[in-house]
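Colleague: Pasting in a structure now, in structure tokens, and then I'll have a few things to ask.
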Amino acid sequence: MKKKLITRCLNGICIGLFCLIASSCKEQPAMTANNEYKVLKVSTANKTLSSSYSATIRGRQDIDIYPQVSGFITRLCVEEGQAVKKGQLLFIIDQVPYQAALQTATANVEAAQAALNTAKLTYDSKKELHAQHVVSAFDLQTAENSWLSAKAQLAQMKALELNARNNLSYTEVKSPSNGVVGTLPYRVGALVSANSPKPLTTVSDNSDMYVYFSLTENQLLSLTRQYGSKEKALESMPEIDLQLNDKSLYPVKGKIETISGVIDRSTGTVSLRAVFSNKDGMLYSGNSGNVILSIEKNDCIVIPQTATFEIQDKVYVYKVVEGKASSALVNVSRVNGQEYVVNDGLQPGDIIVAEGVGLLREGTSITAKQ
């Protein structure tokens, strides 16, 4: 009886499972694929292509100030970051030994002048006596030689006096140009000389700032072809923008002044220099940022970035050919984060899928979304 009961239970369970499976396997309504996609008819337009390049900023002049004489600094006349004029006093080096040297040199000049006067009197006297046949020609020649020697001695003493005067003037270190004072590594009491490892300071002429950046060899060739020559490119290129390190745009536009004639073999790049006015003093020598170079392109094909997809660093679009998706390789340049300029691969009048390309496959039927 127990076996029959167990068998009936097992049969009941099997029948229940069979019914459950059968009910789940009933035919469900088929899902219809949605083949409607937004499409775009390719046309031409005028666009501005903007490219960003890392840049370093330098003053028009960054002049390292080194002392020309040795001595202890006795006075600092400026502060770090102070704006100075050409000829303004920056430092004073101990003047006492150089004042003494100048006084000695001045005294030597006076002594040499007196010796010259005496030699001249002697020579004139000998010349009169020789005319009267009182002294010999040898005595006359000796007196003349003494006079010439005294004249040379005076010239030498004057040169030493000039050198001493210059050395004294060098104890007052002055700014060679208008600019802004940099750091001051030496303070009052420090011993400095022309061989000091660091300059006394650096004076930066920040009225205009030089901004240096680089282009690749191919980019330089493209510019040269676009404008005809490097000289015409410098004349015709539009003004450029400067993006500061905090991502803000500098309010004044700059102009590219020079393009280096030598390509750096180690990097394959060429250096360019642009100049920006710095009347408000916002820029400092040593700043960094990005140069934004804009180039106008006329009658070019522009497509949204959403209409493209990438495979192994190559960009593709889906053309609509006879109602089906057909992938096409395109050569593009980025305009901004949302658009591409197509250099090759598309023609005006082509129809492409404008969005949802990541879900498409080759040969998918395409219905234009209304």
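Colleague: Please verify whether LYS279 is outside any strand (DSSP E or B) and either open to solvent by 20 Å² or more (accessible area, probe 1.4 Å) or among the basic types (Lys, Arg) (or both), treating the condition exactly as stated. Lay out the reasoning, then the answer.
Modeller: Values: outside any strand (DSSP E or B): yes; either open to solvent by 20 Å² or more (accessible area, probe 1.4 Å) or among the basic types (Lys, Arg) (or both): yes.
Answer is yes for this residue.
Colleague: When residues of segment 264-276 are filtered for being surrounded by fewer than 16 Cβ atoms within 10 Å (Cβ to Cβ) and more than 12 Å from the chain's Cα centre (by Cα), how many remain?
Modeller: Count: 5.
Colleague: Could you check, for segment 91-101, whether at least one of its residues is under 30 Å from VAL291 (Cα atoms), within 35 Å of the chain's Cα centre (by Cα) and at pLDDT 90 or above?
Modeller: Going through segment 91-101, the residues under 30 Å from VAL291 (Cα atoms) turn out to be none.
Within segment 91-101, none of the residues are under 30 Å from VAL291 (Cα atoms), within 35 Å of the chain's Cα centre (by Cα) and at pLDDT 90 or above.
Colleague: Six or more apart or on different chains, Cβ under 7 Å: which pairs go from a residue in segment 242-255 that's touching a residue at least 24 places away in the same chain (Cβ under 8 Å) to one that's aromatic (Phe, Trp, Tyr) and not in a loop (DSSP other than H, G, I, E, B)? Could you list them?
Modeller: Note: pairs meeting the criteria are LEU242/PHE276; TYR250/PHE276; VAL252/PHE276; GLY254/PHE276.
Colleague: If the Cβ limit is 7 Å and pairs must be 6+ apart or interchain, which residue in segment 228-241 that is open to solvent by 100 Å² or more (accessible area, probe 1.4 Å) pairs with which residue that is not in a loop (DSSP other than H, G, I, E, B)?
Modeller: Cβ pairs passing all conditions: GLU239/GLY254; GLU239/LYS255.
Colleague: Out of everything in segment 99-121 that is open to solvent by less than 60 Å² (accessible area, probe 1.4 Å) and touching a Phe, Trp or Tyr at 6+ places or on another chain (Cβ under 8 Å), what residue ends up being nearest to LEU200 (Cα to Cα)?
Modeller: Only one residue tops the list, namely LEU116.
Colleague: Among the residues of segment 288-304, is any under 25 Å from SER52 (Cα atoms), at pLDDT 85 or above and of a type in the set (Lys, Arg)?
Modeller: no
Colleague: Name the pairs whose Cβ atoms lie under 9 Å apart, with the first residue in segment 139-158 and outside any helix (DSSP H, G or I), the second at pLDDT 95 or above and small (Gly, Ala, Ser), and 6 or more positions between them or separate chains?
Modeller: Going by the 9 Å Cβ cut-off, there are no qualifying pairs.
Colleague: Restricting the search to segment 83-97, which residues are surrounded by 13 or more Cβ atoms within 10 Å (Cβ to Cβ), under 19 Å from ASP62 (Cβ atoms) and not hydrophobic (A, V, I, L, M, F, W, C)?
Modeller: Result: GLN88, single match.
Colleague: In segment 81-129, what residues are within 30 Å of GLN141 (Cβ to Cβ) and among the hydroxyl-bearing types (Ser, Thr, Tyr)?
Modeller: THR118, THR122, TYR123, SER125
Colleague: Here's another thing I want to ask about it. Among (1) over 17 Å from LEU49 (Cα atoms); (2) at pLDDT 90 or above, where does SER207 come up short?
Modeller: Result: SER207 fails condition (2) only.
Colleague: Can you report the number of residues in segment 168-193 which are part of a helix (DSSP H, G or I) and open to solvent by less than 40 Å² (accessible area, probe 1.4 Å)?
Modeller: The first filter runs over segment 168-193 and keeps only residues part of a helix (DSSP H, G or I), leaving 168-170.
Keeping just the survivors that are open to solvent by less than 40 Å² (accessible area, probe 1.4 Å) gives 168.
Of the residues in segment 168-193, 1 are part of a helix (DSSP H, G or I) and open to solvent by less than 40 Å² (accessible area, probe 1.4 Å).
Colleague: Would you point out the residue of segment 310-369, among those that are of a type in the set (Phe, Trp, Tyr) and more than 32 Å from the chain's Cα centre (by Cα), that is least open to solvent (accessible area, probe 1.4 Å)? Before you say what the answer is, go through the steps one by one.
Modeller: From segment 310-369, those of a type in the set (Phe, Trp, Tyr) are 316, 318, 340; that's our starting set.
If we keep only those that are more than 32 Å from the chain's Cα centre (by Cα) too, we end up with 316, 318.
Working: TYR316: 52, TYR318: 18 Å².
Among them, the one singled out is TYR318.
The values are calculated or read from the model by the stated rules, or taken from the named source; none is laboratory data. Quick caveat: nothing in here was measured; it's all calculated off a predicted structure. Every residue, glycine among them, receives a Cβ derived from its backbone with ideal geometry; neighbour counts consider all protein chains shown. Just the protein is used for accessible areas: all its heavy atoms, side chains included, with ligands, DNA and RNA removed. Shrake-Rupley method; radii C 1.70, N 1.55, O 1.52, S 1.80 Å.
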